[in-house]
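Undergrad: Quick one: structure below, then a few questions.
Each value in this text was obtained by applying a stated rule to the coordinates, not by laboratory testing. Here the structure is a predicted model, which is why all the values come from computation and not from measurement. Every residue, glycine as well, gets a Cβ built from its backbone with ideal geometry; the counts of neighbours run over all protein chains shown.
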Amino acid sequence: MGFFILELSLLGILIIGLTAFSAVIVQFSGERLFGRKTKNHYSSQSHSIQSNWKQVGGKPQT
C-alpha cells in the first residue's frame, strides 16, 4: 500500500510538472526553430525608442 501511494504521488508530481512547464518548453523551442529573423526585434525596437530620451534626475554624467 505504501508503494502504491509513493508511485501515485510521483506520477502526480510528474504530470503536474509537465503541465506547468509545457508552455515554457514549447515557447523556447518555437523561438529557436522559427524565430531566427526576429530574435532581437523587441529589444532593438525598445532601444531605438529610448535612445533619444533625456536623462532625468540623478547626478549629471561628465
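Undergrad: Pop the C-beta distance of A20 and S46 into the FRET formula with R0 = 25 Å and round what comes out to the nearest 0.05.
TA: It comes to 0.30.
Undergrad: Further question: Suppose each label sits 7 Å from its Cα in the direction of the beta carbon; what would the F3-R32 distance come out to in nanometres?
TA: 3.8
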